[in-house]
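The values are calculated or read from the model by the stated rules, or taken from the named source; none is laboratory data. Just so it is clear, the structure is predicted and the values come from calculations on it, not from any experiment. Note: ideal-geometry Cβ built from the backbone for every residue, glycine included; neighbour counts use all protein chains shown. Side chains included, ligands, DNA and RNA excluded: accessible areas come from the protein's heavy atoms. Shrake-Rupley method; radii C 1.70, N 1.55, O 1.52, S 1.80 Å.
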Amino acid sequence: MTVLVVATGNPGKLKEMQAHLAGLDWALALKPDALEIEETGATFAENAYLKASHVAKATGAWAIADDSGLEVDALDGAPGVYSARYGNTDADRIERLLNELGNELNREARFRCVVAIARPDGTIALEAEGVCPGRILHSPRGNGGFGYDPIFYVLAQRLTFAEMSGEQKRVLSHRGRAFQALLPQLKTLSAG
Ligand code: IMP
């Protein structure tokens with residue numbers, strides 16, 4: 001089995017990636033703790049490339065990274081790549097977003113995720129993108145998930161991400177969709 005280093009310090013992400021990549025010919029490993037990568041890119045794709053490439057070169061192994069965030073139309077796509085840095089806590093970030101939106105009628109938004117896989121020399125071998133459209137509610141609903149989940153409402157399900165089961169969100173979410181797009185490409189790569 002070829003080792004694929006996950007360019008995240010978050011064990012939750014490792015677990016989620018393991019679920020998506022189960023049954024494939026890759027052994028997933030967490031990146032060394034000391035290896036920190038600054039997300040200096042202007043787009044999700046740039047940040048995903050940056051992280052995958054850096055970790056691949058530093059470890060000499062294949063590496064996978066994702067970058068994601070929330071884009072709100074009435075805020076010209078904010079918080080976007082700054083989603084994690086929009087406030088100090090999830091509650092702060094939600095409060096800031098709701099304040100900035102105020103009573104704006106256009107609440108259209110989407111979560112976007114880009115996943116990238118780098119070869120041991122740092123070059124990018126594969127990438128895929130997943131998008132999940134939704135609306136920003138006026139106040140939080142639900143206790144599950146993390147981040148902006150309680151204010152992100154998915155019309156087709158009539159639920160916020162925070163009201164969905166883990167499995168439901170995994171299938172529907174931007175990350176889930178990015179992995180679904182990546183999987184067929186990854187199978188060709190591991191077979192080749
Ligand atoms: P990153 O991809 O780990 O850099 O995440 C960026 C930020 O986007 C997170 O800290 C969250 O604030 C937000 N985010 C990304 N995915 C989700 C999600 O599925 N639900 C809620 N917030 C998310």
Helix axis angle, 44-59 relative to the chain longest principal axis, alpha carbon, degrees: 30 degrees
Extension gain, Glu38 back to Ala125 (0.36 nm per residue minus Cα-Cα distance, nm): 29.2 nm
Fraction of beta bridges assigned by DSSP in region 2-191 that are antiparallel (%, nearest 5): 75 percent
Area of Thr59 that stays accessible when all protein chains are in place (1.4 Å probe, Å², to 10): 50 Å²
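Pull out a ≥ b ≥ c, the square roots of the eigenvalues of the alpha-carbon gyration tensor of the chain, then state rounded if a/c is under 1.5, prolate if not and a/b is larger than b/c, and oblate in the remaining case.
Values: a/c = 2.17, a/b = 1.72, b/c = 1.26.
Taking the square roots of the gyration eigenvalues as a ≥ b ≥ c, the chain is prolate.
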Spin-label zone in region 104-127 - amide nitrogen under 16 Å from a point set 7 Å from the Cα of Leu155 along the C-beta vector: 105-111
Residues whose placed amide H lies under 5 Å from that of Leu28, excluding near-sequence neighbours: Leu4
The chain: angle of helix 90-101 to the longest principal axis, Cα-based, in degrees nearest 10: 50 degrees
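Using 0.36 nm per residue, how much length does the chain from Asp92 to Val3 gain when fully extended, once their Cα-Cα distance is taken away?
28.3 nm
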Over the chain: helical MRE at 222 nm, DSSP H runs n ≥ 4 each giving -39500 (n - 2.57), nearest 500: -10500 deg cm²/dmol
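Please tell me which of these pairs span more than 18 angstrom C-alpha to C-alpha: Lys31/Lys57; Lys57/Lys187; Lys13/Lys51?
Details: Lys31/Lys57 12 Å; Lys57/Lys187 23 Å; Lys13/Lys51 14 Å.
Too far apart for the 18 Å limit: Lys57/Lys187.
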Stretchable slack from Asn99 to Ala19, in nm (0.36 nm times residue separation minus alpha-carbon distance): 25.2 nm
Surface accessible to a 1.4 Å probe, His54 within the full protein complex, Å²: 80 Å²
Whole-Å distance, taken between Cα centres, linking region 38-78 and region 1-24: 16 Å
Rounded FRET efficiency, nearest 0.05, which uses the C-beta distance separating Arg107 from Leu30 and R0 of 45 Å: 0.75
